[in-house]
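Remarks on the structure that follows.
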Amino acid sequence: MRILILAPHTDDGEFGCGASIAKYIAEGHDVHYVAFSAAEKSVPSGSPGGILRQEVVEATAILGIPKKNLTVLHFGVRKFPANRQEILEVMVRLNSQLEPDMVYLPSAADTHQDHDTVSAEGFRAFKRTSIFGYELPWNNLTFTTSAFVVVEEEFIEKKIQALACYKSQADRQYANPEFVRALARVRGIQIGALYAEAFEAIRVIRKGSGQTRFVET
Ligand SMILES: [Zn+2]
């Protein structure tokens with residue numbers, strides 16, 4: 001499968017589905033990661049500009065994402081709603097270039113303005129694809145746990161290691177191994193596993209193999 005991770009900002013994909021990414025890659029799937037912003041205006045003063053661009057390279061490498069599958073765009077943090085159409089056009093191009101089988105993006109109940117934009121435009125661009133919304137509890141007004149990926153200890157460990165690459169974000173409460181592990185335990189308990197990541201099933205399409213492509217005229 002070709003799997004596309006849409007992260008409004010570098011690190012959102014690792015928080016939302018880092019363990020699942022590591023597991024998909026270990027299983028041989030082709031995972032692509034696109035971040036729309038390196039949030040240059042959000043890093044602590046004193047950090048060099050573009051630090052998150054370096055940190056995301058390290059973090060996604062730990063998850064196993066090949067560097068050629070990582071794209072970091074230049075949209076301004078907290079300005080996504082004003083660039084909604086441009087973001088949609090980027091996604092439409094990504095869809096025709098990659099033709100992903102599965103897309104992960106922020107939950108439709110994510111209240112951060114940039115996340116909300118990526119979620120809504122992501123549905124428009126990828127509505128013919130399976131779409132899963134990932135969980136960022138500090139931003140989610142509600143979260144429907146309608147899909148799960150069971151993840152083993154080694155993948156939780158990779159998620160924690162990947163998040164540790166974001167040294168410029170280390171002061172954030174949620175950038176904490178105990179929290180990552182605890183949330184994965186909660187999601188695991190829901191489905192009788194040790195650890196899991198939970199997702200909103202926004203759209204699920206079973207295409208199967210040998211599909212005949214429908215050509216629009
Ligand atoms: Zn974000």
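The values are calculated or read from the model by the stated rules, or taken from the named source; none is laboratory data. Worth saying up front: this structure is predicted, and the values here are computed from it rather than measured. Virtual Cβ from ideal backbone geometry, glycine too; neighbours counted across all protein chains shown.
Observations
- Hits in region 165-189 (condition: of a type in the set (Gly, Ala, Ser) and either in contact with a helix residue (DSSP H, G or I) (Cβ under 7 Å, 6 or more places away or on another chain) or surrounded by fewer than 16 Cβ atoms within 10 Å (Cβ to Cβ) (or both)): Ser168, Ala170, Ala175, Ala182, Ala184
- Out of Leu63, Leu52, sole residue that is under 16 Å from the mean Cα position of the chain (by Cα) and at pLDDT below 95: Leu52
- Ala59 within 16 Å of the ligand (Cβ to nearest atom), small (Gly, Ala, Ser) and not in a helix (DSSP H, G or I): no
- The set of residues from region 112-164 being out of contact with any helix residue (DSSP H, G or I) (no Cβ under 9 Å at 6 or more places or on another chain) and crowded, with 23+ Cβ neighbours inside 10 Å comprises just one member, Ser119.
- Condition check for Val72: within 14 Å of the ligand (Cβ to nearest atom), within 19 Å of Glu14 (Cα to Cα), at pLDDT below 95 and not acidic (Asp, Glu): no
- Search result, residues across region 4-42 that are in a helix (DSSP H, G or I), buried (at least 24 other Cβ atoms within 10 Å of the Cβ) and β-branched (Val, Ile, Thr): Ile21
- Residue match in region 206-213 (condition: surrounded by fewer than 21 Cβ atoms within 10 Å (Cβ to Cβ), in a helix (DSSP H, G or I) and not β-branched (Val, Ile, Thr)): no
- Of the residues making up region 75-88, those that are under 17 Å from the mean Cα position of the chain (by Cα) and either of a type outside the set (A, V, I, L, M) or over 20 Å from Ala120 (Cβ atoms) (or both) are Phe75, Phe80.
- Residue list for region 88-140, restricted to those being under 15 Å from Glu200 (Cα atoms) and of a type in the set (Asp, Glu): Asp110, Asp116, Glu135
- Filter result (assigned to a loop (DSSP other than H, G, I, E, B) and either modelled with pLDDT under 95 or within 16 Å of the ligand (Cβ to nearest atom) (or both)) within region 95-151: Ser107, Ala108, Ala109, Thr111, His112, Glu135, Leu136, Pro137, Trp138, Asn139, Leu141, Phe143
- Subset tally (residues that are within 14 Å of the ligand (Cβ to nearest atom) and among the acidic types (Asp, Glu)) for region 152-180: 0
- Of all residues in region 95-111 being among the charged types (D, E, K, R) and surrounded by fewer than 23 Cβ atoms within 10 Å (Cβ to Cβ), the one that is nearest to Arg181 (Cα to Cα): Asp101
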